[in-house]
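The values are calculated or read from the model by the stated rules, or taken from the named source; none is laboratory data. Everything numeric here is computed off the predicted structure, so don't read it as measured data. Cβ sites come from the backbone with ideal geometry, for glycine too, and all protein chains shown count toward neighbours. For accessibility, only protein heavy atoms count, side chains too; no ligands or nucleic acids. Shrake-Rupley method; radii C 1.70, N 1.55, O 1.52, S 1.80 Å.
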Amino acid sequence: MSVGSATRPQDRPDTVLRALLPVVAVVGTVPPALIGPVVPPPASPEVVLAAGAVALAGVGLTTVGVWRLLALGTRVVPAVGLLGAGVLLGEGLAIGAEVAPAGSTGLVVGAAGGALAGAGLLGVLVRWRRGSLPGTPAPRALRGPLVGAGLVLLVLAATRTSVPAWLVAVGVVALALAGLPLVAAHVRAGTPRAALAVDPVLRPAPVRTPVPDDPYATIEVDPPAVSPVPSGPRLRVLHLAGADPDAAAALHRHLAAAGHEVTVLGPRSPGVHDRIEQHGTGMVRWTHPVRRGWTRSGRMLGYVAAAVVAARHTRADVVVEEIAASPGPLAVPRWTTRPVVALATRLPDPEPAEGATSLLRLRWWAVRAHRSIVVRSPADAEVLAAARCRADVAVIGDGIDPAALRTPPHRREDDVVVRVGRLGAGADAVRPLLYAWARVAPSTSSPGGPLVLLGCGAHEAALRECAAQLGLAEQVEFAADAGGEHARVASARLAVVPPGAPARAARAVALEALAVGTPVLGPDIAALREVVPPTVGVLVPEQLDPAALADAVTALHADRPRREAAATRGPRLARAHDLDVLAGQLEDVYLAAVTRGAMPLVRR
């Protein structure tokens with residue numbers, strides 16, 4: 001159910017209580033210098049303030065108790081309780097006057113005791129009346145308001161010695177109490193309240209049976225040969241995408257094509273607009289609820305506030321939190337009772353045995369709040385295990401371009417191809433390969449074909465100059481990486497991933513090369529070790545001198561068994577990373593979270 005912005009009658013006592021606790025903290029921390037002149041000399045200002053705050057709390061709690069009794073539909077019990085609280089308050093005042101008749105301390109202390117006794121009486125009556133009415137919903141937990149009041153008390157107590165500092169702190173607290181609800185209402189107004197117009201109809205999902213595959217493959221399944229159809233339940237997915245909403249865009253579109261509806265919440269940035277994409281019977285809604293064009297930090301803070309509000313108030317079957325570098329994990333399960341799945345794009349650095357920073361500890365505390373986490377590689381799963389994370393972990397790798405899987409076989413030439421644009425690698429990452437090619441081209445064992453650099457873009461001029469300086473103007477070919485790039489890789493003898501390329505891009509380029517049956521030469525990094533087995537490629541040390549890199553290029557270019565193995569086994573390995581397969585696996589994770597039901601708030 002979605003929670004409306006209007007306050008319901010049964011929620012008004014809780015609203016009064018949330019406002020009462022900070023007021024009690026303010027009264028109890030008033031600097032003695034402010035009330036010293038009005039307190040008679042026999043009395044202590046500190047005692048008067050503390051007792052006054054307790055008396056105010058007792059009267060407020062008594063009012064809340066009466067209000068809750070009235071909300072339960074009773075009239076006699078509130079009257080009896082209010083009368084009893086009044087009697088107890090009078091008794092407290094009488095006892096205080098007898099203890100200290102000459103000063104005001106006794107009266108205030110007596111009033112505090114009587115008010116607390118009256119509040120206790122009302123609490124007992126509320127508990128008794130609630131227990132006598134079967135089916136009455138339990139009151140909301142007060143941990144949040146109590147923690148907030150405790151923080152206010154700490155701040156005001158720390159500034160109590162200075163009257164100006166205390167007044168500033170009171171102003172800040174007042175602005176926060178008045179401004180945060182307004183900010184939340186503004187964010188809520190711009191956040192879609194429902195990711196789907198109708199409730200999902202849960203039906204058994206098709207069972208996917210794992211089939212043993214190559215031990216180096218990330219996901220050991222045989223993908224279906226048909227396109228996804230809306231055969232399972234219809235899900236409402238709220239995806240809190242962080243700083244890079246497009247990172248999982250392809251998976252979102254495949255889920256929509258399977259009949260689900262995905263709402264992607266991301267930070268506002270220049271040139272980004274809300275939009276709706278229709279895919280089959282489902283859709284993907286891209287929304288950016290914070291409308292102001294702030295700085296990057298301001299936009300990210302606005303996104304964090306919007307993410308918390310959306311997780312609590314948007315009607316969704318499952319909430320997906322993208323754990324990325326910015327803004328980092330938000331501990332969404334601690335903010336909502338809906339099922340939550342974490343999609344870990346980038347995990348925090350591992351905690352050292354000693355000397356971990358407070359920020360790093362806080363990030364891992366947020367990660368450990370999750371009970372279901374999807375990671376991109378087995379290495380990330382090992383990091384979670386080492387961090388003592390007790391969540392259910394599913395390994396779902398990055399998807400590849402479906403066009404690579406549909407590319408027909410081509411006649412092999414002697415080219416060595418590098419997809420510079422797809423890798424997102426700059427000129428500095430490609431120059432070592434040019435230095436190595438300068439050693440390969442003149443040798444007697446030269447591959448014979450050119451070194452083809454695809455999609456250099458803005459780096460093409462710098463790379464052309466470097467190639468000319470090395471005397472490789474005729475041995476290096478520059479080509480566009482827009483249309484037909486998979487066919488060009490399919491006709492090459494060898495695909496090279498230069499050292500220094502980003503890990504996720506290097507993984508995708510290697511898989512797309514294997515999809516067209518081309519062997520891969522790349523750096524020995526975890527992202528490639530998981531997808532490039534020794535039978536279809538060669539991984540070399542990342543910090544390799546040009547001479548050794550030239551030897552590796554020459555050796556793999558002439559390695560006929562690896563070429564044949566890549567032509568037969570490479571497409572099968574790559575099909576495990578088909579977006580249709582990955583979307584089906586992600587759908588299973590979401591369905592498992594929904595089947596388990598709403599998770600309780602984690603309190604550790």
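Descriptive notes on the structure:
- Estimated FRET transfer efficiency (ALA165, GLU46; beta-carbon r; R0 25 Å; 0.05): 0.85
- Entry note, segment 265-317: relative contact order of 36 percent, from Cα contacts under 8 Å with a spacing of 6+ residues.
- Computed label-point distance, nm, for sites VAL172 and ALA461 using a 7 Å Cα→Cβ extension: 5.1 nm
- Computed log₁₀ I(q)/I(0) - Debye formula, equal Cα scatterers, no solvent, segment 226-381, q 0.08, 0.12, 0.18 Å⁻¹: -0.24, -0.53, -1.13
- In segment 403-478, the alpha-carbon atoms span a convex hull of 97 Å³ per residue.
- For a modelled paramagnetic label at ALA592, 7 Å from Cα along Cα-to-Cβ, the residues of segment 379-416 in reach, with backbone nitrogen under 12 Å, are 391-396.
- Potential extension, ALA356-THR295 segment - 0.36 nm per residue separation minus Cα distance: 19.0 nm
- Solvent-accessible surface (1.4 Å probe) assigned to LEU56 amounts to roughly 60 Å².
- Nearest-0.05 FRET efficiency for ALA19 and ARG75, computed from C-beta distance (R0 22 Å): 0.25
- Extending 7 Å from the Cα toward the beta-carbon at both GLU474 and GLU98 defines two label points whose distance is 11.6 nm.
- The peptide list 155-168, 519-532, 560-573, put in order of mean Cβ contacts within 10 Å with the highest first, becomes 519-532, 560-573, 155-168.
- Segment 441-590: Rg to Rh, with Rh as the Kirkwood radius over Cα pairs: 0.99
- The stretch between ALA503 and ARG412 holds 30.0 nm of extra length on full extension. This uses 0.36 nm per residue minus the Cα-Cα distance.
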